[in-house]
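So the structure is just underneath, and the comments pick up after that.
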Amino acid sequence: MYEKMVESRHFEDLIKRAYFEGKQPVFNMAKGPLPGEMHLSDGQEPCAVGVCAHLAPQDSVTATHRPHHIAIAKGVNLNAMASEIFGRANGLSGGRGGHMHLFDKAVNFCCSGIIAQGMGPAVGAAMASKLRGQPDVAVAFIGEGAANQGAFHETLNLAAVWRAPVVFVIEDNAYGISVAKRAATAIERNADRAAAYGIPGVFVPGNDPDLVFDVAGEAIARARAGEGPSLIEIETIRLEGHFMGDAEGYRPEGEKDALHARDPIKLYRTRLENQGVPPADMDKIEQVAKQRVSAAFEHARQSPAPVPEDAFTTVFA
């Protein structure tokens, strides 16, 4: 799990460097090798690794517009994902999807820029497995803001009625774009909403990878055993703004410094070393993970751009 956390963080560190190329001195979102919005998941890595450690390639995962940590934890091909984000022809979708619409059939992963959009497809994938008599499960990752969408309540209701083998995971980073959760959600804990649909709801505090692993293991085992869906709410943190270039004027003074003091990667490394993992082994894990990511970015930068003649390929008329 630590290796995947480091891999995700370095992946996004390299995105930061590439994203601001050509966007200075005046920030222009349309410029540079990565035009458009870019949403980073720095700080939310425990949510992804603790859940996906229990999943196999045939299990399905749907994610949000902040997807990189989940994609990496699920095993999405790094070279193809980096190429997709750079809009290259050899990307996951030939450069057409970009970073908010990653799709990798090899490990049954997809994501979307639409809030709560992945919940319905996750239930569909779960029911397909159930009808085929297969033990595969589906996991839908959403943000805390998605719990106020109609799709949240519709899918929880049907998943409970059908006893679908699906787990819903809320990554609560306390902000929906720039709106604090306390200003937009009537209850403190979204996990409490599970009771309305007769399914287990568990809150995981502290952004702790090991606690996430334990709770997710129980929920996924429950789904595989045919006992139906579960809802997990994970307290996490967003170390960056909603998107790259976000001035974050909505944050109280000192909040960012306090969040960086709780960086889960630093805290987890300290815990593992205190549990007896040699620092040299941790250094090696970090080195290997970063080399893998750096190679993927070099691969993407050297990959060809799509040719204009392919603009209408895969478009249905």
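Some notes on this structure:
- Subset of the stretch 164-194 (residues that are closer than 21 Å to Ala126 by Cβ and either of a type in the set (Gly, Ala, Ser) or part of a helix (DSSP H, G or I) (or both)): Ala164, Asn190, Ala191, Arg193, Ala194
- Where a residue in the stretch 72-83 is touching a residue at least 12 places away in the same chain (Cβ under 8 Å) and its partner, wherever it lies, is among the aromatic types (Phe, Trp, Tyr) and surrounded by fewer than 24 Cβ atoms within 10 Å (Cβ to Cβ), with Cβ under 7 Å and at least six apart: Ala82/Phe297
- Filter pass, Ser8 being within 21 Å of Arg292 (Cα to Cα) and among the hydroxyl-bearing types (Ser, Thr, Tyr): yes
- Flag for Arg189 being at pLDDT below 95 and among the basic types (Lys, Arg): no
- Every condition in (1) assigned to a helix (DSSP H, G or I); (2) closer than 30 Å to Leu34 by Cβ; (3) aliphatic (A, V, I, L, M) is met by Ile114 except one, and the failing one is (1).
- Just one of the listed residues (Leu272, Leu239) is outside any loop (DSSP other than H, G, I, E, B) and more than 30 Å from Arg163 (Cα to Cα), and it is Leu272.
- The stretch 90-111, residues that are surrounded by fewer than 19 Cβ atoms within 10 Å (Cβ to Cβ), part of a loop (DSSP other than H, G, I, E, B) and touching a residue at least 40 places away in the same chain (Cβ under 8 Å): Asn90, Gly94, Arg96
- Note on the stretch 260-272: among residues that are open to solvent by less than 60 Å² (accessible area, probe 1.4 Å) and of a type outside the set (A, V, I, L, M, F, W, C), the one that is nearest to Pro46 (Cα to Cα) is Pro264.
- Qualifying residue in the stretch 134-145 (condition: on the phi > 0 side of the Ramachandran plot and either of a type in the set (Gly, Ala, Ser) or over 15 Å from the mean Cα position of the chain (by Cα) (or both)): no
- Qualifying residue in the stretch 31-44 (condition: in a helix (DSSP H, G or I) and either of a type outside the set (S, T, N, Q) or buried (at least 19 other Cβ atoms within 10 Å of the Cβ) (or both)): no
- Scanning the stretch 48-62 turns up no residue that is assigned to a loop (DSSP other than H, G, I, E, B), open to solvent by 10 Å² or more (accessible area, probe 1.4 Å) and hydroxyl-bearing (Ser, Thr, Tyr).
- Check on Gly206, closer than 24 Å to Lys266 by Cβ, open to solvent by 50 Å² or more (accessible area, probe 1.4 Å) and out of contact with any helix residue (DSSP H, G or I) (no Cβ under 7 Å at 6 or more places or on another chain): yes
- Within the stretch 112-119, the presence of at least one residue that is closer than 29 Å to Gly241 by Cβ, touching a Cys at 6+ places or on another chain (Cβ under 9 Å), open to solvent by less than 40 Å² (accessible area, probe 1.4 Å) and not hydrophobic (A, V, I, L, M, F, W, C) is confirmed.
The values are calculated or read from the model by the stated rules, or taken from the named source; none is laboratory data. On a predicted model such as this, the values are computed, not experimentally measured, just so you know. Here Cβ is always computed from backbone atoms with ideal geometry, including for glycine, and neighbour counts include all displayed protein chains. Please note that ligands, DNA and RNA were not included when accessible areas were found on the heavy atoms of the full protein model with its side chains. Shrake-Rupley method; radii C 1.70, N 1.55, O 1.52, S 1.80 Å.
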